[in-house]
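The values are calculated or read from the model by the stated rules, or taken from the named source; none is laboratory data. It should be emphasised that the depicted structure is a prediction, and the values quoted were computed from it without experimental measurement. Cβ placement follows ideal geometry from the backbone for every residue including glycine, while neighbour counts extend to all protein chains displayed.
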Amino acid sequence: MRGVLFDAANTLIRVRGSVGRLYASVASRHGIEVDGRELDARFRQYYWERRGTFMETVSKPHSPAKERAWWRSLVEDVFDSLGAAPRMGPRFEAYFGDLYGEFARAENWEIFEDVVPCLDALDDLGVPAGVVSNWDSRLHVTLEGLGIRERFRFVITSAEFGAEKPHPSIFLEAVQRLRLDPGEVLFVGDLLVEDVHGSRGAGLRPVLIDRSANAGDEVPRVRDLREVAQMVRQARLSSKG
């Protein structure tokens with residue numbers, strides 16, 4: 001293996017606490033008290049119902065303003081479903097502005113403890129790494145704030161690229177940037193369809209990061225990202241043997 005690509009959310013980083021907790025915390029600063037658990041449940045419901053409209057809304061041509069408008073509509077409907085949006089009235093615009101900025105702030109994200117050791121090991125092996133994520137353009141700022149952006153050759157977000165995983169084009173773009181063949185690249189992610197099936201369909205070698213240690217199947221799995229570097233090392237030794 002000569003290159004490794006990583007998904008971002010729940011592979012490299014995750015929200016501190018929960019999305020609903022952050023929604024509620026910012027709302028409280030604007031004088032509205034809403035239950036974070038209810039917000040979390042409604043967010044998941046609305047997000048997955050509308051996820052398919054994200055790319056057609058924000059891309060071709062892409063703009064950060066389109067990203068922001070998509071998220072504003074989602075957040076407003078989440079609050080409206082709980083009767084909170086009408087109570088916020090004109091304060092909603094200020095609230096959403098603050099909230100949108102909070103999700104780019106490094107303080108509201110955390111790096112999994114196995115990430116930096118994995119990247120250190122890949123550096124020692126001389127193996128380049130990149131990020132391919134179904135995310136908007138705020139990911140760059142978030143990774144910079146967390147201090148790991150410079151560890152990657154590049155970061156490709158679906159919003160900016162114009163296609164999202166599992167479409168093969170976004171994987172092949174990353175492989176091209178590494179100047180490698182797909183079969184020489186591992187793709188590490190936490191989702192079966194988007195990450196494993198998508199990367200495999202593009203000719204890459206998928207690895208599922210499964211920190212919960214669920215039962216395995218035909219998909220190569222690791223519980224800790226440090227195992228990824230070990231896989232690369234073993235593959236190199238086997239090729240020399």
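Remarks
- Segments classed as helices (runs of 4 or more DSSP H), wholly inside region 89-172, with at least 1 members that are outside the structural domain of MET231 (by TED's automatic domain parsing): 91-102
- Only a single item in (1) small (Gly, Ala, Ser); (2) within 16 Å of ASP114 (Cα to Cα); (3) in contact with a His (Cβ under 7 Å, 6 or more places away or on another chain) is not met by ALA159, and it is number (2).
- Condition check for LEU237: over 12 Å from LYS165 (Cβ atoms), free of Cβ contacts under 8 Å to residues at least 24 places away in the same chain and either in contact with a Pro (Cβ under 8 Å, 6 or more places away or on another chain) or assigned to a helix (DSSP H, G or I) (or both): yes
- Per-region count, region 15-45, residues within 21 Å of GLY89 (Cβ to Cβ), part of a helix (DSSP H, G or I) and of a type outside the set (A, V, I, L, M, F, W, C): 6
- Residue match in region 61-77 (condition: over 19 Å from ALA104 (Cβ atoms), of a type in the set (A, V, I, L, M, F, W, C), in a helix (DSSP H, G or I) and at pLDDT 90 or above): no
- Checking GLN176 against (1) in contact (Cβ under 8 Å) with a residue 12 or more places away in the chain; (2) within 26 Å of SER137 (Cβ to Cβ); (3) surrounded by fewer than 15 Cβ atoms within 10 Å (Cβ to Cβ), the condition it does not meet: (1)
- Checking ASP114 against (1) crowded, with 18+ Cβ neighbours inside 10 Å; (2) under 20 Å from ILE156 (Cα atoms), the condition it does not meet: (2)
- Pick from region 121-142, criterion within 11 Å of the chain's Cα centre (by Cα) and β-branched (Val, Ile, Thr), ranking: surrounded by the most Cβ atoms within 10 Å (Cβ to Cβ): VAL132
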